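This report concerns only the one structure given below.
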Amino acid sequence: MSVSLTINGTPVSVDVPGEMPLLWVLRDVLDLPGTKFGCGRALCGACTVHVNGSAVRSCTAQIAEAEGAEVKTIEGLSPDGSHPLQRAWKALDVAQCGYCQPGQIMAAAALLARTTKPTDAQIDAALSGNLCRCATYLRIREAVKLAATDSAPRSIIPTR
Ligand code: FES
Ligand code: FES
């Protein structure tokens, strides 16, 4: 079936089976490999993207459900990698192997777009479904708090 949606501010149409996971479309059809495959069962958060501004597990979201949606991936978070979260991630050297980090950042971006100064409990709750085999959780939390002090724009609403 043909599905029309907006990816990182660019309108696209894909002709794929309607039950294909959004993650497959992003990685294999649209060549956006920043979003990772982990469990494929909505359990690890590696595949987190924004759909209409909310953090969504793209491994279990069928592409047919994304008709007309605004999708943002890690590639579209900031045109030049200067989103406050990306700067904080670099400043605190958060990533270890890095595999889970796009999903962590996208989950954190959805949080900060709604809660400008999250508490530790709010950060932990928002990211509790994002697993990290390297156990970078404490640095992730500190980076989210550092990003929350940044006054730079951090909208997650796609720009056209
Ligand atoms: S790959 Fe989607 S939640 Fe694990
Ligand atoms: S940094 Fe390695 S899995 Fe999170």
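The residue list 48, 35 contains one member that is touching a Cys at 6+ places or on another chain (Cβ under 6 Å), of a type in the set (Val, Ile, Thr) and within 14 Å of residue 104 (Cα to Cα), which is 35. Reported count of residues in the stretch 127-157, each being modelled with pLDDT under 95 and either charged (D, E, K, R) or within 12 Å of ligand 2 (Cβ to nearest atom) (or both), is 2.
Within the stretch 18-45, residues that are of a type outside the set (Asp, Glu) and within 14 Å of ligand 1 (Cβ to nearest atom) have Cβ atoms under 6 Å from residues that are open to solvent by 50 Å² or more (accessible area, probe 1.4 Å) and in a loop (DSSP other than H, G, I, E, B) in these pairs: 27/33; 36/99; 42/60; 44/131, counting only partners at least 6 apart in sequence or on another chain. So is residue 10 out of contact with any Phe, Trp or Tyr (no Cβ under 7 Å at 6 or more places or on another chain) and surrounded by 20 or more Cβ atoms within 10 Å (Cβ to Cβ) or not? Considered against the rule, which asks whether it is out of contact with any Phe, Trp or Tyr (no Cβ under 7 Å at 6 or more places or on another chain) and surrounded by 20 or more Cβ atoms within 10 Å (Cβ to Cβ), residue 10 comes out as no. Consider residue 54 carefully, then state whether it is under 20 Å from residue 149 (Cβ atoms) and more than 12 Å from ligand 1 (Cβ to nearest atom). Answer is no for this residue. Looking only at residues of the stretch 112-148 that are among the small types (Gly, Ala, Ser) and part of a helix (DSSP H, G or I), we find that the one that is surrounded by the most Cβ atoms within 10 Å (Cβ to Cβ) is 143.
Restricting the first member to the stretch 77-105 and to residues that are closer than 12 Å to residue 139 by Cβ, and the second to residues that are open to solvent by 70 Å² or more (accessible area, probe 1.4 Å) and modelled with pLDDT under 95, the beta-carbon pairs closer than 9 Å and six or more apart or on different chains are 88/149. Considering the conditions (1) away from ligand 2 (no atom under 16 Å from the Cβ); (2) more than 16 Å from residue 129 (Cα to Cα); (3) modelled with pLDDT of 95 or more, residue 82 is excluded by exactly one of them, (3).
Could you check, for the stretch 43-51, whether at least one of its residues is open to solvent by 40 Å² or more (accessible area, probe 1.4 Å) and either among the hydrophobic types (A, V, I, L, M, F, W, C) or over 15 Å from the mean Cα position of the chain (by Cα) (or both)? Within the stretch 43-51, one or more residues are open to solvent by 40 Å² or more (accessible area, probe 1.4 Å) and either among the hydrophobic types (A, V, I, L, M, F, W, C) or over 15 Å from the mean Cα position of the chain (by Cα) (or both). Looking only at the stretch 52-65, decide whether some residue is farther than 29 Å from residue 15 by Cα, open to solvent by 40 Å² or more (accessible area, probe 1.4 Å) and polar (S, T, N, Q). The answer is no, given that none of the residues of the stretch 52-65 is farther than 29 Å from residue 15 by Cα, open to solvent by 40 Å² or more (accessible area, probe 1.4 Å) and polar (S, T, N, Q).
The values are calculated or read from the model by the stated rules, or taken from the named source; none is laboratory data. This one's a predicted model, so the numbers in the text were calculated from it and none came from an experiment. Every residue, glycine as well, gets a Cβ built from its backbone with ideal geometry; the counts of neighbours run over all protein chains shown. The protein model used for the area step is the full one, side chains on, heavy atoms only, and it has no ligands, DNA or RNA in it. Shrake-Rupley method; radii C 1.70, N 1.55, O 1.52, S 1.80 Å.
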